[in-house]
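S.K.: Input: one structure, supplied below.
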Amino acid sequence: MKIIFRTLVVLSVIAGACSPKQKVETPSASQTAIREVTYKVEGMTCDHCEESIKKGVEGLKGINAVEANYEDSTTRVRFDPSGTGEEEIVAAIEKRGYKVVRNQ
């Protein structure tokens, strides 16, 4: 009787080990919704200002692209919200000495 019970236990363990595992899918970067925002930024006066903002924002996780334009005082950012948020982007710009004008 003990041998039959042990055999059943061993077979059930083997059957469990051989059963197909349930695949857990995680969203890839292409499945995540990429966002694009444009900020009005005060204090940009030259190409160096554009590069400073780009360098500060590009260092954040999840940033896809940064375009800063001192002529129209805008900065456009494409990013993955699972990597960073707008608050972090604004903080990175303001840390460089510029002011992000928020819409009221």
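S.K.: For the range 69-95, which residues satisfy the criterion of being buried (at least 17 other Cβ atoms within 10 Å of the Cβ) and of a type outside the set (A, V, I, L, M)?
M.R.: Narrowing the range 69-95 to residues buried (at least 17 other Cβ atoms within 10 Å of the Cβ): 70, 73, 75, 77, 79, 84, 89-90, 92-93.
Residues satisfying the conditions are Tyr70, Ser73, Thr75, Phe79, Thr84.
S.K.: Regarding the range 22-43, can at least one residue be identified that is modelled with pLDDT of 95 or more and either more than 27 Å from the chain's Cα centre (by Cα) or of a type in the set (Gly, Ala, Ser) (or both)?
M.R.: yes
The values are calculated or read from the model by the stated rules, or taken from the named source; none is laboratory data. Keep in mind the model is a prediction, meaning the values are calculated, not measured. Ideal geometry is used to build each Cβ from the backbone, glycine not excepted, and the neighbour counts take in all protein chains shown.
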